[in-house]
Amino acid sequence: MSVTRRKVDTADLECGMYVSQLDRPWLETPFLFQGFVIQDDKDLKQVRQCCRHVYVDVTRSTVPEARIRHSGQKAQQYGKVLQAQKPVHAKPPSLQWRLFDAIARWDKTGTLASRFLTRQYRNAVPTQVEAKPARAAYDTVTTVMNEVIGQLRKGNRLEAEKLKVAISPMIDSVMRNQDAMSWLVQLQKRDEYAYQHSLASSVWAVILGRHLGFDRTGLDTLAFGGLLLDIGKARIPAEILQKPGPLDATERLMVQKHVDVGVKMVRTTPGVNADVIAMIEGHHERHDGSGYPKGLAGADIPVFGRIAGLIDCFDAMTTKRPYAPAKSSYSAIRELNMLAGAAFQKELVEQFVQALGMFPTGTLVELNTGEVAIVIEQNRVRRLRPTLMVLLNADKSPRRNHHTIDLRKVPAAADEEGAYWIVSGLDPGAYGLDPKDYFG
């Protein structure tokens, strides 16, 4: 069997090499996810600052295989090439990284290390089976969040541990089947934007983290941070938050202060780690520097802050607010794609779209046949070919018996008999359909 990956010291890397794996957890580096082509000297410098060696995919590189193989042979003398240039760590190397480092000394292709460096989650139960536990978990978080927000508005302290206990079943549900919780969140949108938005942001953060391969500790952080993104709004006057028209300059500045208020609140709360604070502090920063409160840009925004900004924006788009109607999930995904590389890091948007699907679970869609269906489960490989439940006939009359179509298993080409494909996403409530009637 031919080896497609070679371990290469970062001192020997060249532009055109495809880095398929690092020698340490990706979350401890500036890179969003593993798998990229080295394009310029900036990329080379960044990799060398973080890693001693990487694994280069021969088949996806433009550099000749012989040269990569030669570099890989030099990498067998691990530790001798790069003694003068040690990786830069923002904090001491973790125990996890030291374990990977030891494994990598004799794991030339990275096969063994990859089992530790990445996690792949799959739905363990069908969406219909997970619907009931998902609803129970969501209702629990809603109840507790209401209580916590009420206490904060009275001037009491944030009850962090109470929230952590409440969100644990929600994380468990997403790990078993993310589609059920994704669908449920879209059904539960209410006018009480402040905390419903926070609950949804928590779910989107876990779904993205699950897709990126976070371990349970990372998922706990994402869920908790997502829940607290707008916690500072508990101290903002309700009449400003619920104002139906545009805010004036003074009101806008007051609302923007919710970030600093939230950060100040959680800094004095036991059990809140630095990554949760980074999520709160960075969820209104933007990749191009146009955000607030610090106007950070690019890699200056911590990874958790970048994730928070993206999921916060997506859920804001899909939630009815006093000053704006809700967009369909499909429309919001399209808009995020247009913002990729500007407001948000392009790679992060790509991963988020892969995590949710171009047509997120619970989205109403119209098919090439004229029929209308609802997305009930994602296809993790072919994102435009999810599983659907057909609700309306081609003439838009209700179907007596709803049947499911797994688009992976039917023809997709227009010239094939029995071909199905999604023409467009529809707004919630299109044709009088209420997705709540079909959940579970």
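The values are calculated or read from the model by the stated rules, or taken from the named source; none is laboratory data. Bear in mind that the values here come from a model prediction, so they are computed numbers and not experimental data. With ideal geometry, Cβ positions are generated from the backbone for all residues, glycine too; neighbour counts draw on all protein chains shown. Accessible surface areas use protein heavy atoms only, side chains included; no ligands, DNA or RNA. Shrake-Rupley method; radii C 1.70, N 1.55, O 1.52, S 1.80 Å.
Some notes on this structure:
- In region 12-58, the residues that are modelled with pLDDT under 90 and among the small types (Gly, Ala, Ser): Ser20, Gly35
- Of all the listed residues (Val261, Val255), the sole one being touching a residue at least 12 places away in the same chain (Cβ under 8 Å), over 23 Å from Leu219 (Cα atoms) and open to solvent by 40 Å² or more (accessible area, probe 1.4 Å) is Val261.
- Scanning region 308-326 for residues that are modelled with pLDDT under 95 and surrounded by 20 or more Cβ atoms within 10 Å (Cβ to Cβ), we see that the one that is nearest to Ser201 (Cα to Cα) is Asp315.
- Within region 207-251, being among the basic types (Lys, Arg) and either surrounded by fewer than 16 Cβ atoms within 10 Å (Cβ to Cβ) or under 14 Å from the mean Cα position of the chain (by Cα) (or both) holds for Arg210, Arg216, Arg235, Lys243.
- For Glu285, the stated conditions hold: it is in a loop (DSSP other than H, G, I, E, B) and buried (at least 21 other Cβ atoms within 10 Å of the Cβ).
- Taken together, Leu336, Leu296 contain a single residue that is modelled with pLDDT of 90 or more, assigned to a loop (DSSP other than H, G, I, E, B) and of a type in the set (A, V, I, L, M, F, W, C), which is Leu296.
- Checked against the criterion of being among the aromatic types (Phe, Trp, Tyr) and within 15 Å of Val263 (Cα to Cα), the candidates Tyr292, Tyr330, Tyr323 yield just one match: Tyr292.
- Flag for Ala205 being touching a residue at least 60 places away in the same chain (Cβ under 8 Å) and part of a helix (DSSP H, G or I): yes
- The set of residues in region 127-158 being outside any helix (DSSP H, G or I) and open to solvent by less than 70 Å² (accessible area, probe 1.4 Å) consists of Gly155, Asn156, Leu158.
- For first residues located in region 272-287 and at positive phi, partners that are in a loop (DSSP other than H, G, I, E, B) and open to solvent by 30 Å² or more (accessible area, probe 1.4 Å) and lie 6+ apart or on another chain with Cβ distances below 6 Å do not occur.
- Of the strands (runs of 3 or more DSSP E) that lie entirely inside region 382-440, those containing 3 or more residues that are within 25 Å of Lys132 (Cα to Cα) span 387-392, 398-406.
- Positions within region 404-426 being under 25 Å from the mean Cα position of the chain (by Cα) and either open to solvent by 80 Å² or more (accessible area, probe 1.4 Å) or of a type in the set (Ser, Thr, Tyr) (or both), in sequence order: Arg408, Ser424
- Region 349-403, subset of a type in the set (S, T, N, Q) and over 28 Å from the mean Cα position of the chain (by Cα), residue most open to solvent (accessible area, probe 1.4 Å): Asn401
- Failed criterion for Met254 (all others in (1) under 15 Å from the mean Cα position of the chain (by Cα); (2) in a helix (DSSP H, G or I); (3) not β-branched (Val, Ile, Thr) hold): (1)
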